[in-house]
Every structure is written in structure tokens, then in C-alpha cells.
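What follows is calculated from the coordinates using simple rules that are stated; it is not laboratory data. Computed from a prediction, not measured in an experiment: that's the story for all the values here. For neighbour counting, all protein chains shown are included, and Cβ atoms are generated from backbone atoms with ideal geometry for every residue, glycine included.
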Protein chains: 2
Amino acid sequence: MADVARLVGVSSQTVSRVSNGYPGVTEETRRQVLAAMRELGYRPNSAARALKRGEFRTIGVITFTLSTTGNVRTLEAIAASAAEQGYAVTLLPLAVPTQDEVKGAFSRLGELAVDAVIVIMEVHLLDAATVSLPPGIQVVVVDSDAGDRYTVVDTDQAGGARDAVRHLLDLGHHTVWHLAGPEDSFAAQRRANAWHTTLTEAGRVPPPLVRGDWSAESGYRAGLRLAEQKDCTAVFAANDQMALGLLRALHERGRKVPAEVSVIGFDDIPEAGSFLPPLTTVHQDFAEVGRRCVEGVLSKIRQDVTDAEAETEHGTTLVPTRLVLRDSTAAPPKAPPPR
Amino acid sequence: MADVARLVGVSSQTVSRVSNGYPGVTEETRRQVLAAMRELGYRPNSAARALKRGEFRTIGVITFTLSTTGNVRTLEAIAASAAEQGYAVTLLPLAVPTQDEVKGAFSRLGELAVDAVIVIMEVHLLDAATVSLPPGIQVVVVDSDAGDRYTVVDTDQAGGARDAVRHLLDLGHHTVWHLAGPEDSFAAQRRANAWHTTLTEAGRVPPPLVRGDWSAESGYRAGLRLAEQKDCTAVFAANDQMALGLLRALHERGRKVPAEVSVIGFDDIPEAGSFLPPLTTVHQDFAEVGRRCVEGVLSKIRQDVTDAEAETEHGTTLVPTRLVLRDSTAAPPKAPPPR
DNA sequence: GGGCATAATGTTTACGTAAACATCGGTTGG
DNA sequence: CCAACCGATGTTTACGTAAACATTATGCCC
């Protein structure tokens with residue numbers, strides 16, 4: 001910066017002003033400074049900037065795994081939104097999803113160059129641990145019901161599940177089985193609850209819940225068992241991968257989809273339309289979730305600047321889902337068996 | 001830091017020494033300082049650290065999309081390796097894969113808090129653009145053949161493709177069709193070349209190349225065409241998603257896999273084992289690719305520190321693949337049709 | 001016992017930037 | 001015509017840390 005100033009014959013403060021687009025600089029001077037910056041290849045030093053400004057313009061994203069579609073798509077959307085706002089995104093991966101790890105990550109956060117954090121993870125892990133967030137770091141959580149303690153943004157899990165179950169009931173199915181995700185996932189829990197509620201409200205008896213772990217393989221194993229249930233004509237899988245495994249198991253056991261059994265998924269991964277048969281599923285708007293996360297976190301930062309100690313209001317933002325009809329659901333083969 | 005020093009009654013320099021684990025501090029003093037740091041909730045300010053030290057301990061990752069398995073898995077591995085080395089990872093997503101975007105990203109790099117960059121992208125985009133990297137920022141590229149200009153780490157695309165083709169030939173197929181990825185992907189190009197070479201070397205005539213765009217949907221479209229080719233008994237798809245679409249198309253057209261047509265994929269995505277039928281594919285070791293990237297970039301940084309102007313030696317590191325045999329490949333139905 | 005390493009700690013300074021305040025020349029209104 | 005004012009620019013200072021150098025105390029050797 002000093003070099004640029006010297007070359008033009010102005011003070012470094014003027015260079016700073018140009019560099020930050022402040023007013024109060026002659027057009028002529030500005031042009032000269034910009035030219036000098038180009039000539040000397042000047043780049044502002046972000047460390048010094050951060051030090052001076054007290055902010056990094058960076059959002060940290062804590063997540064356990066990038067192997068689930070949802071996390072990745074959300075992350076991608078977050079990165080895009082953040083970039084739009086002039087913020088960078090730093091990844092804070094956790095080796096294992098234990099409370100200790102989460103705790104460690106949160107305490108490391110203090111020394112990390114981050115203004116805010118978005119946690120893509122069920123907060124269970126946060127709860128028990130005596131996690132104290134470094135002050136001044138704002139948080140938004142995805143996949144949680146902790147709307148009273150944190151700001152939460154999430155897909156409307158319940159709404160999506162309800163739509164899925166209703167769709168199957170509307171087709172004439174007597175009841176709907178559910179292939180749920182792992183117990184420690186809040187999203188899985190929420191989908192399962194909504195499934196149960198929707199059935200009950202419709203006066204149907206929910207069959208026993210079958211549990212998977214999100215993986216296609218677990219869906220396959222569950223599917224082998226479900227194929228034996230001759231009264232099972234409709235299954236709502238908590239994600240598309242498990243639905244994929246389910247389809248494979250049903251196919252192996254000679255149960256036609258959708259003629260004999262209807263299957264519906266959740267997520268609408270890009271491949272869902274290429275399954276055998278193309279999968280009817282609940283589309284999640286990850287892009288919107290990401291956008292809202294960034295929005296939430298940035299508004300908190302800005303608010304924090306203005307009214308210093310105002311207790312930020314928490315709450316939950318739900319992003320609606322959309323049912324995507326393909327070929328894996330149809331009316332049941334015959335009158336449902338008597339109870 | 002000053003507060004901590006005051007509380008203990010030492011100078012801030014001593015606190016700094018404790019904070020950085022330097023020797024020359026009495027055990028007693030160290031204990032007191034650590035206690036004071038805990039009490040006051042002291043966290044070193046990373047901006048000031050970065051400013052003083054001249055490094056951010058952060059690696060930037062430039063990638064166009066997180067929608068391909070490979071990119072995501074590589075990114076995940078990079079983040080993990082980096083964390084192990086005490087480095088953070090900052091994501092630099094590109095809105096669109098144009099040269100202008102890439103150029104923009106690279107120039108922004110200069111003001112970004114990043115010591116090195118890993119580019120997960122075909123370098124074509126870099127080539128034509130008069131991209132000048134900010135000096136002092138080291139680069140490692142994935143998915144490229146620019147080993148002479150950049151340090152490149154990649155999966156052994158050619159080796160994997162060769163193994164895939166040989167496997168099919170060994171099963172007795174007369175020749176192997178290829179469903180390639182998009183032209184602008186170096187990985188796709190490399191796999192296609194190896195496919196062609198392997199066939200030619202085996203004295204076989206390569207059928208016309210069919211092109212997709214990595215998506216399952218494009219695989220499906222290609223599959224509809226391939227299903228018409230009655231002499232097509234074996235297809236090597238350049239990735240698993242396209243293989244998935246291919247399977248669906250073949251199934252719809254009544255072509256049994258693997259009885260009539262063998263299909264092999266590339267990547268070994270987690271779902272591959274749950275396809276119908278479970279997909280034989282070429283496994284990529286993304287974790288290793290990520291690890292090598294970080295290794296490469298960090299060794300450059302360290303080298304750069306020691307011998308200032310030494311021209312870093314470029315080169316290409318190839319990570320081997322592994323053929324995973326499942327149920328989508330088998331011997332051809334009959335003697336291959338005469339040429 | 002005096003000189004002299006050595007270990008422990010303190011003091012000064014600089015990293016690059018930008019806010020706060022200071023200066024200077026020119027314009028405007030009474 | 002002068003004072004108040006304004007816009008353009010310069011000067012000083014502080015952000016939090018750590019390297020370099022300075023100081024003090026301790027003990028050891030001849």
C-alpha cells in the first residue's frame with residue numbers, strides 16, 4: 001500500500017480510501033491510484049484488514065459428513081449465498097460425531113478466523129456437552145428443533161412427510177409403512193413423527209416402524225424384510241438412497257413396483273428419476289435452506305453491530321418441500337386386506 | 001492477551017510464549033498463565049496472528065460444482081487432511097465454469113486469506129485465460145494433465161479404464177462400448193482414450209463413442225440408443241450415475257443385465273452396490289487423492305519458506321484404482337457376431 | 001570472588017490497514 | 001471582503017501478536 005501511495009505521490013490513506021470505495025477522492029486521483037495498484041500488483045492484505053476491522057467476512061460451516069446429499073447441497077448453497085454477500089466459507093469437518101469432537105470444534109472456533117457459524121447437524125450432540133460458544137460468534141443450526149436456543153433453518157420435514165403419506169393414502173392404500181432414518185437424526189425423527197401423526201389422524205393404524213441408517217444398503221436389508229409382509233402395499237422411505245435399496249430388495253423378491261408395492265422417497269436426489277422405476281419423492285429445496293442460513297447468520301452479525309447486547313431472537317424457519325410424482329407409486333393392487 | 005498478562009503479573013510476551021508452546025518458560029509461570037487464559041476466556045486473535053506470521057494456515061479449494069461425487073469426496077478428504085495438519089479449508093465456489101469466472105476467482109485469491117490453493121477442475125479453463133496467480137500462492141490441480149505447469153494429483157483414470165475394459169474382454173466380450181463423460185472434462189477424456197487404446201491394443205475394433213454429461217439422465221438417453229445395437233454386449237460407462245441411467249434404459253427395453261449386456265461403471269459411489277443389478281465398477285480412492293493434494297500443497301509452502309526462489313518441481317501423482325466386481329458383468333450370451 | 005554463560009522474563013518494534021483527527025485550499029454567503 | 005464551511009488529502013494512532021533485542025537473576029568455573 002505504501003508503495004502504491006509513493007508511486008502516485010499521495011498518502012497511504014488515500015490509497016485505502018480508493019481500495020475501499022470511499023467517497024471524497026477526486027476522480028483523477030482515484031484513476032491514478034487504481035492504475036498504480038494494477039501496475040504494482042497490489043492486493044490488500046486480508047489479515048491486516050481483518051485485524052483492523054475486527055471481522056473476517058468468513059462463515060464457518062461445521063458438519064460431520066459430506067456423504068449425505070442434503071449436507072452437501074446445503075453446503076453448496078451456503079457457499080454460493082455467502083460469496084454473493086462477500087463472505088467466504090470455511091469448512092470445519094468433524095472426524096467423528098461425538099460430543100467431545102463437537103465441543104473441541106466449538107472451542108477451536110474461538111481462534112478460528114470466523115465471524116459466524118452454521119451447524120449442519122442434529123444438535124443432540126451439542127446439548128449434553130457443556131458447550132460454550134465463543135462470544136460474538138453467531139450460530140444458525142440446520143436439522144434441529146432447538147428453535148428456542150438457536151436460530152434454526154430447516155426443510156419442513158413434517159410437511160414433506162405428511163404430503164408423502166397423504167399421497168399414498170389418496171391413491172387408496174390402506175396404510176403406509178415407514179422406513180426411517182437413524183434415531184439420532186432429528187430430520188429422521190421428525191419425518192417419522194409426521195408419518196405416524198398423519199396416519200393416526202386419518203384413522204389408520206401405523207404399522208411397526210422399520211429403521212435404516214440412510215444408506216442404500218440399509219434400505220436393501222429393510223426391504224428384504226418388508227417384502228415378506230404381504231399386506232405391505234406402500235412404503236415411505238425417509239430418503240432416496242434407502243428407497244433405492246428398497247427397490248432392489250423388492251425387485252429381487254419379485255414384488256413389482258408400483259403394481260404391488262408403492263414406494264416414495266425423500267430428498268429428490270438427481271439420480272432419483274433414473275431409478276427402476278423412477279422414484280416418486282419429496283423434493284427438498286436445499287438452495288433455499290442454504291440461502292436462509294446465510295441470511296440468518298448475516299442479519300445476526302449486523303444486528304450485533306448496531307444494538308450491542310440485544311438478545312437475538314431465536315426461531316425456526318421452515319422451507320417448504322414439493323412432491324415430485326414419478327412412477328414408483330400407484331393405486332394398491334386390490335382391496336386392502338381386512339384388519 | 002494484555003489482560004492475561006496483567007492478571008498473572010507477567011509481560012504479554014510471556015503469555016505469547018505460553019500460547020505458542022515456546023520453551024524458556026518456568027513450569028510454574030506456564031501454569032499460572034494457562035489458568036489465567038482459561039479464567040478470562042482468552043482466545044488468540046487469528047487475524048493478528050496471520051498478520052504477524054504472514055500466513056493464514058488456510059488452504060483454498062476452487063471447484064465448480066459439488067454435485068459430482070468425486071469433487072465432494074475429494075473435498076472432504078482435503079478438509080480432513082488439512083485439519084490434521086492444522087490447516088483450515090476455505091471454499092471458493094464458482095457460479096459458472098467460464099474462463100472469466102476462473103480468472104476472477106484467481107484474482108480474488110490475492111486478497112483472500114489463503115496460503116495455497118487446490119483446484120478441482122479441468123485446467124482447460126485456466127489455460128486460455130491469461131491467469132496470473134498471485135505470487136506466493138501455491139497450487140495443486142486435480143483432473144488435469146498439466147503436470148508440466150502445475151503439480152497435479154489425480155486418480156489413475158487411464159489405469160482404471162484399462163482395467164474395466166480388460167475385465168470385459170476377459171469375460172469373452174468381443175468388444176466394449178463406451179459411454180463417455182463430457183468433452184470438457186479431462187477425466188472423461190482420459191478414460192475414453194484409455195478405453196480406445198486398450199481395445200486397439202487387444203486387436204479389437206472400438207465401436208463409436210457415445211457421449212453423456214455425467215448425469216443419470218444422460219446415461220438413460222444414451223442407453224435407449226445402445227439398447228438398439230444388437231451387437232452391443234458390454235458397456236463401460238465413465239461414471240456410476242450414467243451407468244445407473246443406462247441400466248434403467250436397458251431394463252425398459254428388455255435387455256437383461258448382465259445376461260445379455262454387461263455394464264461397468266466408474267467411481268464406486270456408495271449406492272452402486274444397490275443398483276439393479278449391483279454395479280461392477282472401478283473404485284476411486286478419493287481419500288488418498290485428497291491426502292496427496294494437501295501433502296503436495298503443504299510441502300510447497302514449506303519448501304517455499306526455506307529456499308526462497310527455487311522453482312518448484314511440478315509433476316503428476318496418480319492414485320491407483322481398484323476394480324470392484326459385483327453383478328452387472330458376465331460372459332456374453334453367445335459367440336460374438338462375426339464382424 | 002569475579003567474570004561469564006545461561007535461563008527466565010521484559011521492552012521495543014513492526015506486520016498492513018483504516019478510523020479519527022488534522023490540515024489546507026477554495027467557495028459561499030452575508 | 002472576510003469568516004465559516006466544505007471537500008480533498010495528509011498524519012497519527014491502534015488493532016493483537018510475536019520476533020528481535022534487552023535486562024535481570026542464577027549458578028558455575030577458574
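Summary of values
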item: Distance histogram in 5 Å bins (all Cα pairs of region A:157-284, percent per bin); result: 2, 13, 25, 27, 22, 10, 1
item: For chain B, alpha-carbon Rg over 2.2 N^0.38 Å; result: 1.28
item: Chymotrypsin sites (Phe, Trp or Tyr not before Pro) restricted to region B:193-228 and DSSP loop, no more than 11 other C-beta within 10 Å; result: none
item: Cα convex hull volume per residue for the protein assembly as shown (Å³); result: 184 Å³
item: Ellipticity estimate at 222 nm from DSSP helix runs (n ≥ 4, -39,500 (n - 2.57)) divided over chain B, nearest 500; result: -13500 deg cm²/dmol
item: Inter-copy label distances at A:E228 (7 Å, Cα→Cβ; nm, one decimal); result: 4.7
item: Candidates A:P278, A:P44, A:P208: whichever shows maximal mean-square fluctuation once chain A is modelled as a Gaussian network with Cα springs under 10 Å; result: A:P44
item: Cubic angstrom per residue, convex hull over Cα atoms of region B:21-61; result: 105 Å³
item: Over 23 Å (Cα to Cα) - which of A:K103/B:K52; A:K256/A:K334; B:K230/B:K256; B:K52/B:K300 fall in this group; result: A:K103/B:K52
item: Distances in nm from B:T197 to the matching label points in the other copies, shortest first (labels 7 Å along Cα to Cβ); result: 6.0
item: Distance (nanometres) between label positions extended 7 Å along Cα→Cβ at A:L325 and B:T197; result: 5.2 nm
item: Cα long-axis angle, helix B:240-252 against chain B (0 to 90 degrees, to the nearest 10); result: 30 degrees
item: Karplus (6.51, -1.76, 1.60) ³J(HN,Hα), θ = phi - 60°, over region A:273-283, in Hz, Gly and Pro reported as x; result: x, 10, 5, 10, x, x, 8, 6, 7, 9, 7
item: Derived scalar couplings ³J(HN,Hα) [region A:154-169; Karplus, 6.51 cos²θ - 1.76 cosθ + 1.60; whole Hz; x for Gly, Pro]; result: 7, 5, 6, 4, 4, x, x, 5, 4, 4, 4, 5, 4, 4, 5, 5
item: Convex hull (Cα only) mean projected area of region B:225-276, reported in nm² to one decimal; result: 3.2 nm²
item: Relative contact order for chain B, counting Cα pairs under 8 Å that sit 6 or more residues apart, in percent; result: 17 percent
item: Taking A:E201, B:E217 and counting other C-beta atoms within 10 Å, the order from fewest to most; result: A:E201, B:E217
item: For A:T317, residues with placed amide H under 5 Å, excluding near neighbours; result: A:V152, A:V153, A:D154
item: Quotient of Cα Rg and 2.2 N^0.38 Å for region B:2-44, N being how many residues it contains; result: 0.97
item: Fluctuation leader among A:L276, A:L246, A:L75 - chain A, Gaussian network, Cα springs under 10 angstrom; result: A:L276
item: Given charges at Cβ of Lys, Arg, Asp, Glu: the protein assembly as shown dipole, positive-most of B:F236, A:V139, A:T98; result: B:F236
item: Dipole magnitude of region B:2-44 about its Cα centre (Cβ charges: Lys, Arg +1; Asp, Glu -1), debye to nearest 20; result: 100 debye
item: Region A:138-190 versus region A:72-91: alpha-carbon centroid distance in Å; result: 24 Å
